[in-house]
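Report on the structure given below.
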Amino acid sequence: MSCGLKTIHVLVTGASGGIGLETVKLYLSLGANVTAHYISNSKPIQNLQTSPESAVKSMFDALSGTPFSPVAVIVVNHGIWSPQDVPIVDMTIEQWDHTISANLTSSFLVCPTESVKDRAAIVLIGSTSGKYGEANHSDYAISKSAMMYGLTTTLKSEIVKIAPRGRVNCIAPGWVPTPMVQEALNDPAVSGPVLAATPLKKLGTTLDVANQIVVVSSSVISGHVTGQVIFVEGGCVGDI
């Protein structure tokens, strides 16, 4: 079955490694025209910390000048997760604001674009932390939960006012070995409980996640799927 993605313009944020890079490669293999937006872990979407709205506007203005425009699929993949354990009672407002801005606010800014096709698809990247919480990483868990159960479900009702057949969904991975979390997973005190809480007894791969991103973004395969959070976590039964 064809995914119907050949020559479709896809924007992937956070595409420098891990899930983002795997997603870019998969779309390219399917014949899509891909704009890969590269960011650092501390400065999502160009320079959102200093000039968020203008940075996003500049990005889409630049995209409008490409031969691939308009954007048909947006994969909002960028985000940060701190490897340091910080209980909520010890978390500074600076860390809290930084994570919420990087993971949630910047995603909000990327989504409300009018430069999308009628069958536009937005795919947000959540986390099992957004469902179960994550001790000592409350900033991350809450930013993802708000994205999964607030932004996704609200935006799916609003996108149709811009793109009548537009769809918004969220892919929520469990623990996947990526540059962002590899150091933590190298610790048996982390990886052991993760596997114990996973019925399939294995970690996911970046390709596992990329496959689901592509499937849900395809209007041919998933044209009647919107407002959903789809978990890619091997049946994970809770927070570690």
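The values are calculated or read from the model by the stated rules, or taken from the named source; none is laboratory data. Remember, it's a predicted structure, so these values are computed and weren't measured experimentally. Here the Cβ positions follow ideal geometry from the backbone for every residue, glycine too, while neighbour counts run over all protein chains shown.
Could you please find all residues in the stretch 203-212 being within 13 Å of the chain's Cα centre (by Cα) and farther than 15 Å from C3 by Cβ? T206, V209, listed by residue number.
Please work out which one of (1) at pLDDT 95 or above; (2) in contact with a Cys (Cβ under 8 Å, 6 or more places away or on another chain) is the condition D139 fails and give its number. The one condition D139 does not meet is (2). When residues in the stretch 26-52 are screened for being at pLDDT 70 or above, in contact with a Leu (Cβ under 7 Å, 6 or more places away or on another chain) and not small (G, A, S), 5 of them pass.
Residue pairs whose Cβ atoms lie under 7 Å apart, sitting 6 or more positions apart in sequence or on different chains, and linking a residue in the stretch 11-26 that is without any contact (Cβ under 8 Å) to a residue 40 or more places away in the chain and farther than 10 Å from A210 by Cα to a partner that is outside any helix (DSSP H, G or I) and not hydrophobic (A, V, I, L, M, F, W, C), are S16/Y38. Sort through I213, I230, I159, I142 and tell me the only one that's hydrophobic (A, V, I, L, M, F, W, C), in contact (Cβ under 8 Å) with a residue 12 or more places away in the chain, out of contact with any Ser or Thr (no Cβ under 6 Å at 6 or more places or on another chain) and under 17 Å from A120 (Cβ atoms). Going through I213, I230, I159, I142 in turn, the sole match is I159. Every listed requirement among (1) within 27 Å of N136 (Cα to Cα); (2) in contact with a Gly (Cβ under 6 Å, 6 or more places away or on another chain) is met by A196 save one, (2). Filtered by the rule that a residue be in contact (Cβ under 8 Å) with a residue 60 or more places away in the chain and either buried (at least 22 other Cβ atoms within 10 Å of the Cβ) or closer than 20 Å to M59 by Cα (or both), the stretch 27-36 gives a lone residue, Y27. The helices (runs of 4 or more DSSP H) located wholly in the stretch 178-240 that include 1 or more residues which are closer than 18 Å to G130 by Cα occupy 188-196, 206-217. Quickly run through the stretch 138-172 and pick out the residues that are assigned to a helix (DSSP H, G or I), over 18 Å from the mean Cα position of the chain (by Cα) and aliphatic (A, V, I, L, M). V160, the sole residue that qualifies.
Which pairs turn up if I take residues in the stretch 184-206 that are more than 27 Å from L26 (Cα to Cα) and among the aliphatic types (A, V, I, L, M) and look for partners that are surrounded by fewer than 12 Cβ atoms within 10 Å (Cβ to Cβ) and modelled with pLDDT under 80 with beta carbon separation below 9 Å, at least 6 apart in sequence or on another chain? Filtered contacts from the stretch 184-206: A197/G238.
Scanning the stretch 77-105 for residues that are part of a helix (DSSP H, G or I) and touching a residue at least 60 places away in the same chain (Cβ under 8 Å) returns a single hit, A102.
Out of all the residues in the stretch 213-240, which are within 14 Å of the chain's Cα centre (by Cα) and on the phi > 0 side of the Ramachandran plot? Correct list: empty. With respect to the conditions (1) basic (K, R); (2) under 25 Å from D97 (Cα atoms); (3) surrounded by fewer than 16 Cβ atoms within 10 Å (Cβ to Cβ), K161 falls short on a single one, namely (2).
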